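Everything on this sheet refers to the single structure shown next.
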Amino acid sequence: MENLSNGDFWRAIMGESDSDEGGFEGFSLDEINKKDESDIDLDVVVNDEQLLREFESSDSDRDSDNHGDSGDSDMILPVLAAPNPRRKKKRLSKQNRNELTTRWSDRTTPVQPKKFDVGVTPVGPQHDLPPDAAEYDYFSLLIPEPFWEDIATQTNLYAAQKQAQKGADKNWTPTTGSEMKLFIFIQYMFGIHRMPDTAMYWSSDPLLRVPAIADVMSRNRFQKLSQYFHLNDNSKAVPKGQPGHDALFKVRPLLDMVTNNSRAHYNPGRDISIDEAMIKFNGRLTFKQYIKGKPNPWGIKVWCAADPRNGYMLEFDIYQGRATVPIPNGLGHHVVMTLASRFLNAGHHIFFDNYFSSVRLGQDLEKAGTSMCSTIRLNRQGWPKELSSAVAKKMKPGDIHFRQDGNMVATLWKDKRPVAVLSTNAQSAMGKHERRAPGGRKEVSVPEPVLVYNGSMGGVDLADQYHSYYPVGRPSVRWWRYICWWLMQTAMVNAFVIWKETHRPAQSKKGLRHLDFRLQVLRALCKGNVSRKRAAAQAIAQAGVIDSSPLTHKIVRLPGRKKNCKMCEKKKVRTPRGHGVETVFGCVICDLHLCKGECFAEFHQHLAQSIH
């Protein structure tokens, strides 16, 4: 009997003729052994068990055709009957993942996201304050009155614990909630009056001294309070490495309070943006992060969800390092689903960048009744192969490719560089956008998903912008202080947004600025709580006030590049070409760019009038 070779036998089983006509195309066993696992199409290699059953049913026919006996077949069958289920399962999950999860098509259909119903959940501020409530009442929604007594208790407790270890401190006297208000008031004032050194606020030099701070509390008392300032009882902290350890234990009371109050007093509109923020910190810390391109690249990372209309911080979660529990779909998927958990199944639209995005995340959000729009990296699993990075490199400016799977639209557009967007809330069509160009503004065609993304992605950036105007606190070696000041700043900004949204219909308060709101809150913090006896009445009158006397405010050439004059911006004064009026001069105390002469004088005149 003439034995068939492995390759001939395989071709005989698959029905392949020598002429390759009318047969089923397959691989020889030798070819399969030579091929890498990633190159084998297991959909072509038919099920081995089915093949064996067909072979056994026609065993006699094959024996007569090939002049062989059953013994020859038995010798070959074990070679063919050696399927590797684990190998086959791995290949199916790797090669056919796109086919199993998405069905991309170049045929576009109207996208129909779930409708956002404002009647189910009221949008905007949620409080019972009367219409004539003061600005401090809105601040108290985020930082209620019991907080001041709590931190006074914790500060006194920490001072007692330290003195029990190192001996009595003759310069320390227990503090009160009213005095802690003044302490926090000064921390806020540091952001309005910026000085190179903390001691300058109490300087005897009239050019440096800030009466609104120096006349409220003595320098020695402020330093002593700063030494013992605390938010939680250290004796209750669980040591690192033990069950129940909390890396944020030192700020946990304030963190939970601001988080819960921010949730309770504001409901966002349809759009929500998710991004990462950075708390600047350059010291040693196990969960300190570096993010290239950020204004503060080194620091403590915070995952944030914000309302893009006004920068209200809806949710925030401080990153504490590598997760100790499995995250099956990746960190980005986990962060977005966690921050958006209380907004699901309500028709919200979630926006985030390519750090978080994936096709799986878009599908999971859509299953939860939530639309999304995000930039995406071209190597993400499930992304259309027709929109790969190789295709992007060959595109010319203006080229556009759409692929769609149900409501999910994949967009690849070449502007100055390739832009990839994954969305379930935007149509696969082109829109119009005005762009600055030499000689004026011109209208350009931009994909709808890109326009939608740019219109609602900036919520966290807007919140960061508010945070940067008047930073709270001074540099410290204690990492938790930076988180504390960030939370106090978040409370102030969120209170301002609640106040602004509450009074938006009222024309009388339409023009109140963030700084004006902040000053009103600081006046209330200081009023009646002055701990320094000397010039107490004057301090109450001047608390939070930028003195307009020429001894403290002086027009100088400010360092750095020239910027737009603030008064010209307010009066909407433009150059003949339609640009803002830029100047290198400004006020050394206000740290604002102002034109020499009229703008400088008018700015401080208006400021003095608004104060009195």
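The values are calculated or read from the model by the stated rules, or taken from the named source; none is laboratory data. None of the values given here were measured: they were computed from a predicted structure. Every residue, glycine as well, gets a Cβ built from its backbone with ideal geometry; the counts of neighbours run over all protein chains shown. These accessible areas exclude ligands, DNA and RNA; they are computed on the full protein's heavy atoms, side chains included. Shrake-Rupley method; radii C 1.70, N 1.55, O 1.52, S 1.80 Å.
By definition, a body whose alpha carbon gyration tensor gives a ≥ b ≥ c is oblate when a/c is 1.5 or more and a/b is not larger than b/c, and the range 559-612 fits this oblate description. Here each label is just a point 7 Å from Cα along the line to Cβ, and for Thr575 and Gln112 those points are 5.3 nm apart. Computed about its Cα centre, the charge dipole of the range 281-394 is approximately 520 debye, with only Lys, Arg, Asp and Glu carrying charge at their Cβ.
Of the peptides 106-118, 320-332, 201-213, the order by per-residue mean of other Cβ atoms within 10 Å, starting with the highest, comes out as 201-213, 106-118, 320-332.
The residues packed around Glu276, meaning those with a beta-carbon under 15 Å from its beta-carbon, carry a net charge of -1 if Lys and Arg are +1 and Asp and Glu are -1. Shown in residue order for the range 562-576 are the 3J(HN,Hα) couplings computed by the Karplus curve 6.51 cos²θ - 1.76 cosθ + 1.60 at θ = phi - 60°: 6, 9, 5, 5, 5, 5, 5, 5, 5, 8, 6, 7, 10, 6, x Hz (x for Gly and Pro).
Can you list residues whose amide H is under 5 Å from Gly431's amide H, if they're 5+ apart or on another chain and H is modeled 1.01 Å from N? HN-HN under 5 Å from Gly431: Val446, Glu448. With protein chains left intact and a 1.4 Å probe, residues in the range 322-430 average 46 Å² of accessible area per residue.
For Tyr266, the residues whose modelled amide H falls within less than 5 Å of its own, excluding neighbours fewer than 5 places apart on the same chain, are Gln126. Extension gain for Lys396-Leu515 works out to 38.2 nm (0.36 nm per residue, less the C-alpha to C-alpha distance). With 0.36 nm allotted per residue and the present C-alpha distance subtracted, the Leu378-Asp461 stretch has 27.4 nm of extension available.
Pairs from the table (Lys181/Lys288; Lys301/Lys562; Lys294/Lys570; Lys170/Lys224) lying more than 20 angstrom apart at Cα are Lys181/Lys288; Lys301/Lys562; Lys294/Lys570. Between Lys527 and Ser178, full extension at 0.36 nm per residue minus the direct alpha carbon distance yields a gain of 124.6 nm.
Applying a threshold of 26 Å to the alpha-carbon distances of Lys571/Lys596; Lys292/Lys385; Lys367/Lys500; Lys292/Lys572; Lys442/Lys572 flags Lys292/Lys385; Lys367/Lys500; Lys292/Lys572 as lying beyond it.
For the range 206-298, list log₁₀ I(q)/I(0) at each q in 0.10, 0.11, 0.13 Å⁻¹, using the Debye formula over Cα point scatterers of equal strength and ignoring solvent, two decimals each. The computed values of log10 I(q)/I(0) come out as -0.54, -0.65, -0.88. Each residue, Lys432 and Asp233, gets one label point 7 Å from its Cα in the Cβ direction; the gap between the two is 6.7 nm. Taking 4 °C and 1.567 mPa s as the conditions, I'd like the Stokes-Einstein D for the range 322-464 in µm²/s, using the Kirkwood hydrodynamic radius from alpha carbon pairs. Estimated diffusion coefficient is 80 µm²/s. Cross-link list Lys416/Lys563; Lys162/Lys240; Lys114/Lys416: which exceed 23 angstrom alpha carbon to alpha carbon? Over 23 Å Cα-Cα: Lys416/Lys563; Lys114/Lys416. Take the Cα of Asp205, step 7 Å toward its Cβ, do the same at Arg322, and the gap between the two points is 5.0 nm.
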